[in-house]
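The values are calculated or read from the model by the stated rules, or taken from the named source; none is laboratory data. Note that this is a predicted model, so its numbers are computed, not measured. We place every Cβ from the backbone using ideal geometry, glycine too, and count neighbours over all the protein chains shown.
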Amino acid sequence: METGKVVIVKGAGKGIGGCIARDYASHDFNVVLADIDHKQHFSGRVGKPDDIARACLYLTDDGNNFINGTNIITDGGMTRKMICEL
């Protein structure tokens, strides 16, 4: 995440307004994930590459140029769920 902050600061004024902190995204459809893998997320499933891609498209859309200095956590709620369940 610190690297993302540096990119945001260095990219200010150059069209870089945010970064994405992503969770594990399953891309190997031959791997069978256990129920617990999916239950770790509020969304009820492990992320897919398309989930990360949509966050990238959101940040790169010209209409979203007022979004600056942010880190979009794309993890299906896993980060918050882990904090709540401690």
The lone condition ILE52 fails out of (1) at pLDDT 80 or above; (2) part of a loop (DSSP other than H, G, I, E, B); (3) of a type in the set (A, V, I, L, M, F, W, C) is (2)
Residues satisfying the stated conditions in segment 46-86, i.e. touching a residue at least 12 places away in the same chain (Cβ under 8 Å) and among the aliphatic types (A, V, I, L, M): VAL46, ILE52, ALA55, LEU59, ILE67, ILE72, ILE73, MET78, MET82
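State all residues of segment 63-86 that are charged (D, E, K, R) and either modelled with pLDDT of 85 or more or on the phi > 0 side of the Ramachandran plot (or both); if no residue qualifies, say none. Write out each step before concluding.
Taking segment 63-86 as the starting set, the residues that turn out to be charged (D, E, K, R) are 75, 80-81, 85.
Once the filter is applied, which keeps residues that are charged (D, E, K, R) and either modelled with pLDDT of 85 or more or on the phi > 0 side of the Ramachandran plot (or both), segment 63-86 yields only ASP75.
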